[in-house]
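The values are calculated or read from the model by the stated rules, or taken from the named source; none is laboratory data. No experiment lies behind these values; they were computed from the predicted model shown. Here Cβ is always computed from backbone atoms with ideal geometry, including for glycine, and neighbour counts include all displayed protein chains. When the accessible area is computed, the model is the full protein with side chains, heavy atoms only, and any ligands, DNA or RNA have been set aside. Shrake-Rupley method; radii C 1.70, N 1.55, O 1.52, S 1.80 Å.
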Amino acid sequence: MSILSADVLSALEKQAIELPSWAFGNSGTRFKVFGTPGTPRDPFEKIADAARVNELTGLAPSVALHIPWDLVDDFGTLRAHAEDLGVSLGTVNSNTFQDDDYKFGALTHEDPQVRRKAIDHHLACIDVMDATGSRDLKIWLAEGSNYPGQADLRGRQDRLHESLAKIYERLSGEQRLVLEYKFFEPAFYHTDVPDWGTSYAQVSALGDRAMVCLDTGHHAPGTNIEFIVMQLLRLGKLGSFDFNSRFYADDDLIVGAADPFQLFRIVFEVIRGGGLNNPDVAFMLDQCHNVEDKILGQIRSVLNVQEMTARALLVDADALRAAQTSGDVLAANAVFMDAFYTDVRPALAEWREGRGLPADPMRAQLESGYQARIASERVGGTQAGWGA
Ligand code: PSV
Ligand code: MN
């Protein structure tokens, strides 16, 4: 008998995690970007690698795009290519952080012409969404200042609202806008959307189809991220996650690698707040694989999310509530920790096999020869990298 009940398995069956196209390109730090044989040279090859992750795990049915990194002549063709490989095109990420005009801001810039250019970029992203069938436009802004007095904080916040409203107006049907926050980098004194409260205030002023995106790497050390998850779910404004791990800053490491217990606590609050397998709450990865194999890195990541979801689903909610209401601190904590310490890996392997998936997707990828094949096929051209 599996330690995972039918209810737990049916919740896991529905789990879907969106992969970032840029995870398959080369990446690194400001010190060095390492190239890897077989790295995709265009968005079509990135989608093929993402589809490989889905084929082996059954967990990753969609791929997020970043514009302009993933610009192609015809998004209808890219969409058909993805669908042929069993995946769909997901969130479209805008990019206003790699153009000289945006040195002092984009949507918040003092100059109306620069603001117009940044708004137009977002409108072009929505055109892409129309062609790809994507639902979400994800906005992360690299805007802020480095020195006290450099910028009019209040004026920038007002301009941000005006710019976002123009973008929001252009959404149609089911389309949504998700606004990501980050407390530092590339600006270091202030960031225009530094925290969930600012994102919440800005999206609330737009309307129902504007939500907050929570990137797990975008918080100061020691931040209780699961509390923010709880609050945003409670307010009906948690639109999406960018999952990754951090040791120091915005490290973009494999989710669950640095602090598996934190991931468990986050997923527990997602479940508690009704966010699991809820279409309003998109589970995405936002990661880069600087030194490890990219496809394996993505497989490891989605499996980590699945494992922590299974463990969080094992929390005995009735026993937990009973201990909480009777004030039994240690019993409540024990219920929580019992679930966290349960090794669900053998049960998940067995369940995977029963669904026609490899018991060990990491090993299946390693033994499949896929990596050697793409390394020999993908010669010439320019390897994609973070930023292209
Ligand atoms: C910014 O650090 C960020 O988290 C945003 O989501 C960007 O679009 C992404 O990283 C690019 O890697
Ligand atoms: Mn992110």
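Give me a count of the residues in the range 270-292 that are more than 15 Å from ligand 2 (Cβ to nearest atom), within 16 Å of PHE243 (Cα to Cα) and touching a Phe, Trp or Tyr at 6+ places or on another chain (Cβ under 8 Å).
1
So which pairs qualify, if the first residue must be in the range 285-299 and within 14 Å of ligand 1 (Cβ to nearest atom), the second must be among the charged types (D, E, K, R), the Cβ gap must be under 6 Å, and the two must be at least 6 apart or on different chains?
ASP286/ASP215; ASP286/ASP242; GLN287/ASP252; CYS288/ASP252
Go through ASP251, ASP242, ASP195, ASP208 for me and flag whichever is within 16 Å of ligand 2 (Cβ to nearest atom), at pLDDT 95 or above and open to solvent by 60 Å² or more (accessible area, probe 1.4 Å).
After applying the criteria, what remains is ASP195.
I need every pair where a residue in the range 157-168 that is on the phi < 0 side of the Ramachandran plot has its Cβ under 7 Å from the Cβ of a residue that is basic (Lys, Arg) and open to solvent by 30 Å² or more (accessible area, probe 1.4 Å), sequence separation at least 6 or different chains.
Filtered contacts from the range 157-168: ARG159/ARG115; SER163/ARG115.
Do the conditions hold for HIS121, that is, is it within 16 Å of ligand 1 (Cβ to nearest atom) and at pLDDT 95 or above?
Yes; evaluated as a whole, the condition is true for this residue.
Can you pull out every residue in the range 79-122 that is within 16 Å of ligand 2 (Cβ to nearest atom), out of contact with any Pro (no Cβ under 9 Å at 6 or more places or on another chain) and part of a loop (DSSP other than H, G, I, E, B)?
Correct list: SER94, THR96.
Select from the range 213-232 the residues that are among the polar types (S, T, N, Q), part of a loop (DSSP other than H, G, I, E, B) and either touching a Cys at 6+ places or on another chain (Cβ under 7 Å) or more than 14 Å from ligand 2 (Cβ to nearest atom) (or both) and list them in ascending order.
The answer is THR223, ASN224.
Is it the case, given these coordinates, that ALA82 is closer than 22 Å to SER301 by Cβ, among the aliphatic types (A, V, I, L, M) and under 17 Å from the mean Cα position of the chain (by Cα)?
Criteria not met by ALA82.
Criterion first (more than 17 Å from the chain's Cα centre (by Cα) and over 30 Å from GLY38 (Cα atoms)) does ALA347 satisfy it?
Yes.
Can you tell me which residue in the range 69-78 is farthest from MET129 (Cα to Cα), limited to those that are outside any helix (DSSP H, G or I), of a type outside the set (A, V, I, L, M) and under 24 Å from the mean Cα position of the chain (by Cα)?
The selected residue is TRP69.
Just to be sure I understand, how many residues within the range 105-134 are open to solvent by 30 Å² or more (accessible area, probe 1.4 Å) and either at positive phi or among the hydroxyl-bearing types (Ser, Thr, Tyr) (or both)?
Matching residues across the range 105-134 total 1.
Which one is surrounded by the fewest Cβ atoms within 10 Å (Cβ to Cβ) among residues in the range 135-159 that are basic (Lys, Arg) and outside any loop (DSSP other than H, G, I, E, B)?
ARG154
If you go through the range 173-181 one residue at a time, do you hit one that is outside any strand (DSSP E or B), open to solvent by 10 Å² or more (accessible area, probe 1.4 Å), within 18 Å of ALA249 (Cα to Cα) and within 16 Å of ligand 2 (Cβ to nearest atom)?
no
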